[in-house]
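The values are calculated or read from the model by the stated rules, or taken from the named source; none is laboratory data. Since the structure is predicted, the reported quantities are computational estimates derived from the model, not experimental observations. Here the Cβ positions follow ideal geometry from the backbone for every residue, glycine too, while neighbour counts run over all protein chains shown. The accessibility values were calculated without ligands, DNA or RNA, using every heavy atom of the protein model including side chains. Shrake-Rupley method; radii C 1.70, N 1.55, O 1.52, S 1.80 Å.
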Amino acid sequence: MLIVSLAICIIVYNNFSIYQKPIAKVERVSEEKVKTKQVQSIELKLMNTGDKGRIISVQNKYDVSCVYDEKYSKGDIVFLNGKHTEIIGLKRDYFIAITFMILVSLLVIFGNKKGLLASLCLIVNVMFFYLIILAYMKGMNILLLTVLGSLGFTIIVLSLINGMNRNMLVSLAATIAVSVIVLGLASILIYMSKIDYDFLDFIPEPYTRNQANQFFLAQIIIGCLGAVIDVAVTITVASSEIIDKNPHIHINELMKSAKAVADDITGTMISVVLFTNIAAIIPNFVISVANDIEYRTVLRFDAYFDIVRFFMAAVAILISIPVSVLVSSLMLKRGGKRI
């Protein structure tokens, strides 16, 4: 893992030739203060294009806060504009590669075969998501792609992590059932409400209300999926073990036993989706407070969509428990016999 990780990180660090934009390495930096700005005189060495190896000089201005500008240091790899007169940003792909390889390495070291399968699952899901984005760019409906994509993500995760077995099929059925219920509930609430979509991040412009509704529904489905799969797998495995011990157990008793298991995970899973959405809200709060915008204004407009996604994910987690138990009882036992 160490050899593979180092090799991948070195390759990504030196992959200048795959980029069409000019890339350069910072060789030398000098700095002085001009009025309220810090001005850097930067010497760069071009790392790609037909001018590879050429030394050029550019200037970079930045505020001390570095909110809208960036400070560059010796050794940084940067992108340039077409005329090689301005730095337009850092090359950060190798940071992503390093972080990703640390994640994969830890998964394999501590998880062994399961960790390797989890890493493979992550890679396959990223590739599958890329295909979905390509399909969307070709003009396919975002909600349809999300529904099909959610089904694909669920199958990939369950088959790679748990293998092709009865528990996988039960978890898949439970996840699909919960997703359909959440989609129906969210659709009713959204289409009965008058939502101001002007603050919905990354919504394509121009848009119709129907397109915005579908985009928001797609966000809700994807936001609920991970938590639903987790709960469905946990309840399914627990129900399977209980049914193995007592094939003639009544569904009410099965529900009580599964609820005892669910009580241990429900709070933590809801906390996970809460903090995930809080993380998305933090930048808006920080910027708004710095610009004297009231909290209630941020909550009403910027944070509204994150709050809705959190509540829908929490509802999905709670719905997952009885649905998973019901699906397990129907698919794992029928008249006291395994199917």
For this session: For Arg166 and Lys138, compute 0.36 nm times the residue count separating them, minus their Cα-Cα distance, and round to one decimal in nm.
Result: 6.4 nm
For this session: Take the Cα coordinates of the range 91-178, assign each an equal point scatterer, and use the Debye formula without solvent to give log10 I(q)/I(0) at q = 0.17 Å⁻¹.
Result: -0.86
Problem set entry | Share of Cα-Cα pairs in the chain lying beyond 32 Å, as whole percent | 50
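Looking at the square roots a ≥ b ≥ c of the eigenvalues of the Cα gyration tensor of the range 138-282, which shape do they give, rounded for a/c under 1.5, prolate if a/b is larger than b/c, or oblate?
Prolate.
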Problem set entry | ³J(HN,Hα), Karplus 6.51/-1.76/1.60, whole Hz, each residue of the range 61-70, x for Gly, Pro | 10, 8, 7, 4, 5, 6, 6, 9, 10, 9
Seminar exercise, completed: Of the listed pairs Lys33/Lys71; Lys113/Lys245; Lys61/Lys83; Lys91/Lys113; Lys33/Lys91, those with alpha carbons more than 23 Å apart are Lys113/Lys245; Lys91/Lys113; Lys33/Lys91
Exercise. Between Val233, Leu189, Ile307, whose Cα lies farthest towards the positive end of the dipole of the chain when Lys and Arg beta carbons carry +1 and Asp and Glu beta carbons carry -1, centred on the Cα centre?
Worked result: Val233
Problem set entry | Positive-end residue, the chain charge dipole about Cα centroid, Cβ charges, pick of Val157, Leu80, Asn277 | Val157
Exercise. Given +1 on the Cβ of Lys and Arg, -1 on the Cβ of Asp and Glu, and no further charges, what dipole in debye does the range 50-186 carry about its Cα centre, rounded to the nearest 20?
Worked result: 320
Exercise. What percentage of all Cα-Cα pairs in the range 246-339 are separated by more than 16 Å?
Worked result: 65
For this session: Set the Förster distance to 35 Å, then compute FRET efficiency between Leu131 and Tyr13 from the Cβ-Cβ distance, nearest 0.05.
Result: 0.80
Seminar exercise, completed: The answer for Asp69, listing residues at least 5 apart or on another chain whose modeled amide H is closer than 5 Å to its amide H, is Asp63
Problem set entry | Ranked order, Glu205, Glu253 - accessible area, probe 1.4 Å, largest first | Glu205, Glu253
Problem set entry | Note, ³J(HN,Hα) from phi for the range 14-26, Karplus 6.51, -1.76, 1.60, rounded to Hz, x at Gly and Pro | 10, 8, 4, 5, 7, 9, 7, 6, x, 10, 9, 10, 6
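Assigning unit charges at the beta carbon (Lys, Arg +1; Asp, Glu -1) and nothing else, what dipole magnitude in debye, to the nearest 20, does the chain show about its Cα centre? Before the final figure, lay out the partial values.
Details: 31 positive and 25 negative charges, 175 e Å.
The dipole of the chain has a size of about 840 debye.
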For this session: Compute the separation of the alpha-carbon centres of the range 1-52 and the range 83-146 and state it in Å as a whole number.
Result: 22
Problem set entry | For the range 112-129, 3J(HN,Hα) per residue [Karplus equation, 6.51 cos²θ - 1.76 cosθ + 1.60, θ = phi - 60°, Hz, x = Gly/Pro] | 6, 5, 4, x, 5, 5, 5, 5, 4, 4, 4, 5, 4, 5, 5, 5, 5, 4
Problem set entry | About the Cα centre, charge dipole magnitude for the range 167-264 (Lys/Arg +1, Asp/Glu -1 at Cβ), debye | 300
Problem set entry | Gap separating the Cα centres of the range 279-295 and the range 176-203, nearest whole Å | 24
